[in-house]
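Visitor: Please see the structure below; I have some questions.
Just so you know, all these numbers are worked out from the coordinates, no wet-lab data involved. Since the structure is predicted, the reported quantities are computational estimates derived from the model, not experimental observations. Because the Cβ atoms are built from the backbone with ideal geometry, glycine has one as well, and the counts that use them run over all protein chains shown.
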Amino acid sequence: MTDLSKRQQADLEDFDRNLFEHLKSAIQRGDVLVLTEFDHLNKRGAPSFSSFDNILPLLASVLLATGVLFINLLAGVAALVGAALFYTFAIRPWIAYRLNLRTRDLLLTDLQSWRRVWAYGGVVIMLAGKQRVGCKAPAADWRGLARLFVPESKAGFKPSGSSLMPTNITD
């Protein structure tokens, strides 16, 4: 692949910014859904990971159950079992919900944040009406889905040699 001139790079950057703005407004209108893969994004190093969301609720429930354990052994064991169930059925879904919100907010911040999250992966964007049409990061090209929301008169620069059509999601 040949090096692009500065003018071509600037045109490509403007093209991406235009696509990002149209995709952002489509997401905000609800025309495009943003889904996150909890197991991929909920680990250290992920752009939207929060250690506080993962550690504090678990630590608080275990410390509370341990405090009950010192008062009464049988009640303490029951409290530990209850804390484990509470973590599994209440805290983990809450963590997933918060992770989804943080990831979506980060995606919609600006183009650089979008690129960083997209490169890391763990995100799927799809049409709200046709959920079989979408893109899974980082393998798919988000520009194909974004082009569906850009009027032809505003499409601007069109990079050559790249397929910009969205694909059917098979995974």
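Visitor: Helix 111-120 versus the longest principal axis of the chain: what angle, 0 to 90°, nearest 10, using Cα atoms?
Guide: It works out to around 60 degrees.
Visitor: Which order do the peptides 133-146, 56-69 come out in when sorted by mean C-beta neighbours inside 10 angstrom, highest first?
Guide: 133-146, 56-69
Visitor: Something else about it: Where in segment 89-120 is the amide nitrogen less than 19 Å from a point lying 7 Å along the Cα-to-Cβ axis of THR66?
Guide: Label zone hits: none.
Visitor: Averaging the inverse of every distinct alpha carbon separation and then flipping it gives the Kirkwood radius. What is it for segment 2-60, in angstrom units?
Guide: Here the Kirkwood hydrodynamic radius works out to 15.1 Å.
Visitor: Compute the helix-to-body angle for 51-71: its Cα long axis versus the longest principal axis of the chain, expressed 0 to 90° and rounded to tens.
Guide: That helix lies at roughly 10 degrees to the long axis.
Visitor: Say R0 is 41 Å: what FRET efficiency, to the nearest 0.05, do LEU73 and TRP94 get from their beta-carbon distance?
Guide: Values: r = 30 Å, r/R0 = 0.73.
With a Förster radius of 41 Å, E is 0.85.
Visitor: Using only the alpha-carbon atoms, how far is helix 92-107 inclined from the longest principal axis of the chain? Give it as 0 to 90 degrees, nearest 10.
Guide: 30
Visitor: Here is a follow-up. Using the Karplus equation 6.51 cos²θ - 1.76 cosθ + 1.60 (θ = phi - 60°), what ³J(HN,Hα) coupling, rounded to whole Hz, does each residue of segment 124-130 give in order, writing x for Gly and Pro?
Guide: The phi angles translate into 10, 10, 8, 5, 5, x, 10 Hz.
Visitor: Also, quick follow-up: What dipole magnitude, in Debye to the nearest 20, does segment 25-168 give about its Cα centre under +1 on Lys/Arg Cβ and -1 on Asp/Glu Cβ?
Guide: Magnitude of the dipole: close to 380 debye.
Visitor: Working from the alpha-carbon coordinates of the chain, get Rg over Rh, Rh being the Kirkwood radius.
Guide: Across the chain, the Cα-based Rg/Rh ratio is 1.17.
Visitor: 7 Å from Cα along Cα→Cβ at both PHE52 and LEU12: what's the point-to-point distance in nm?
Guide: Label-label distance for PHE52 and LEU12, simple model: 3.9 nm.
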